[in-house]
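Visitor: Pasting a structure here, questions to come.
The values are calculated or read from the model by the stated rules, or taken from the named source; none is laboratory data. As the structure is a prediction and not an experimental result, all values here were calculated from the model. FYI the Cβ positions are ideal-geometry reconstructions off the backbone, even for glycines, and counts take in every protein chain you see. For the accessible areas, the whole protein counts, side chains as well, though only heavy atoms, and no ligand, DNA or RNA atoms are used. Shrake-Rupley method; radii C 1.70, N 1.55, O 1.52, S 1.80 Å.
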Amino acid sequence: MDFTEAQIHRYARHILLPEVGGEGQARLLAAKVLVIGAGGLGSPLILYLAAAGVGTIGVVDDDVVELSNLQRQILHVTDSVGSAKVDSAVRAVAAINPDVTLVPHRLRLTEQNARALIGQYDLVADGSDNFATRFLVNDAAQAEGKTLVSAAVLRFEGQISTFKPGGPCYRCLHPDDLSEADLPNCGQAGVFGAMAGLMGSLQAVEVLKEILGIGDSLSGSLLLVDALSTAFRKIGLKRDPACSCCGKV
Ligand SMILES: [Zn+2]
């Protein structure tokens, strides 16, 4: 791929890294990533993917920006309160990097549309705020043979893992369908804003590593982060041979 003069300047600090280089940067520019949710996790995730030059970023979100989002959802600005989050995302990304196309999907993910949508992208990153969507994204990503980088945050705690086709998958981690009755969401329990920033940034790091094929994948591991004790704990995650999802792939 031939870079323009501006691109050589823009991506100079990436191109300097032997693990990225011109070839890796070209790979990022050709990559298509689907982000589920333009909220607390999706904000830093989308911003870093755009800054890194990931060429196509699809964003699924049917919400509008609310004032109470701005404490952590750094993609959105005060003037965007009341506009669709995907439209706000388009504006933010256009301002950061003209090399990037943000494809807005202003809809709610359903069993009817999930596979067709995920199938159009190379990789999916889930930053949604509810269990039903997380299970749906996991099942569709497994069925479409796509790698999924999934993160979650609540109060001062976060977790992140990567699920690849063939498992372990999100259902191996949570064999029983969880619902909001089992665990409160951010709207009920609160969330430390910068903690969403940390987990969404970690998600961006893992997405970029997967595209570049560098380092150790988080597949087979779950990283648990506790902000109050500043503790990071990585535990092993095994495929459940009885898993109702990845067992079938
Ligand atoms: Zn599984």
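Visitor: Of all DSSP beta bridges located in the chain, what percent are antiparallel, nearest 5?
Guide: Of all bridge pairs located within the chain, approximately 50 percent are antiparallel.
Visitor: For residue 108 and residue 12 in one chain, what is 0.36 nm times their gap in residues minus the Cα-Cα distance, to one decimal in nm?
Guide: Full-extension gain reported as 30.8 nm.
Visitor: For a protection proxy built on the mean count of beta-carbon atoms within 10 angstrom, sort 25-31, 226-232 highest first, please. Could the numbers behind the result be given before it?
Guide: Values: 25-31: 19.3, 226-232: 10.9.
The most tightly packed comes first, giving 25-31, 226-232.
Visitor: Contour minus end-to-end for residue 183 and residue 205, with contour as 0.36 nm per residue of separation and end-to-end as the Cα-Cα distance? Mind showing how you got there, number by number?
Guide: Working: separation 22, 0.36 × 22 = 7.92 nm, distance 2.70 nm.
Between residue 183 and residue 205, full extension yields an extra 5.2 nm.
Visitor: Also, quick follow-up: Let me know the longest stretch in the chain that avoids all GluC sites (Glu not before Pro) found in a DSSP loop with at most 13 other C-beta atoms within 10 Å.
Guide: Longest run free of exposed loop sites: 181-249.
Visitor: What is the P(r) of segment 1-83, as percent of Cα-Cα pairs per 5 Å bin from 0?
Guide: 3, 14, 21, 19, 13, 12, 10, 7, 1
Visitor: Using the crude model of +1 on Lys and Arg Cβ and -1 on Asp and Glu Cβ, and no other charge, please compute the dipole size for the chain relative to its Cα centre, in debye to 20. Show your work: numbers first, answer last.
Guide: Details: 21 positive and 27 negative charges, 73 e Å.
Roughly 360 debye, rounded to the nearest 20.
Visitor: Give the ranking of 146, 85 by solvent-accessible surface, highest area first, calculated with a 1.4 Å probe.
Guide: 146, 85
Visitor: Peptides 100-108, 195-203, 76-84: what's the order by average Cβ count within 10 Å, highest mean first? Before the final figure, lay out the partial values.
Guide: Details: 100-108: 16.4, 195-203: 23.1, 76-84: 14.3.
Highest to lowest by the protection proxy: 195-203, 100-108, 76-84.
Visitor: Moving on. Cα gyration tensor of segment 1-142, axes a ≥ b ≥ c as square roots of the eigenvalues: rounded (a/c below 1.5), prolate (a/b > b/c) or oblate?
Guide: oblate
Visitor: At 1.4 Å probe radius, can you tell me the per residue accessible area of the chain in Å²?
Guide: Value returned for the chain: 47 Å² of accessible area per residue.
Visitor: Restricting to bridges with both residues inside segment 85-228, how much of the DSSP beta-bridge set is antiparallel, in percent to the nearest 5?
Guide: If I count the DSSP bridges inside segment 85-228, around 65 percent turn out antiparallel.
Visitor: On the accessible surface of the chain, probed at 1.4 Å, how many percent belong to carbon and sulfur atoms?
Guide: Looking at the chain in its full context, I get 53 percent from C and S.
Visitor: What residues from segment 12-54 fall in the zone where the backbone N is under 20 Å from a label point 7 Å along the Cα-to-C-beta line of residue 95?
Guide: Within reach of a label on residue 95, which here means backbone N under 20 Å from a point 7 Å along Cα→Cβ, segment 12-54 contributes 38-54.
Visitor: While we're here: Report, please, the projected area of the chain averaged over directions, based on the convex hull of its C-alpha atoms, in nm². Working shown, then result.
Guide: Values: hull surface 53.1 nm².
The orientation-averaged projected area of the Cα hull of the chain comes to 13.3 nm².
Visitor: With a Förster radius of 45 Å, plug the Cβ-Cβ distance of residue 238 and residue 1 into 1/(1 + (r/R0)^6) and report the FRET value to the nearest 0.05.
Guide: 0.70
Visitor: Enumerate the calculated ³J(HN,Hα) couplings along segment 221-232 in order (Karplus 6.51 cos²θ - 1.76 cosθ + 1.60, θ = phi - 60°), each rounded to whole Hz, writing x wherever the residue is Gly or Pro.
Guide: 9, 10, 9, 10, 10, 10, 5, 5, 9, 6, 10, 10
Visitor: Take the alpha-carbon centre of segment 130-161, take the same for segment 6-45, and report the distance between them in whole Å.
Guide: 21 Å
Visitor: In the chain, what is the count of Lys pairs whose alpha carbons are under 15 Å apart, counting only pairs at least 8 residues apart or on separate chains?
Guide: 8
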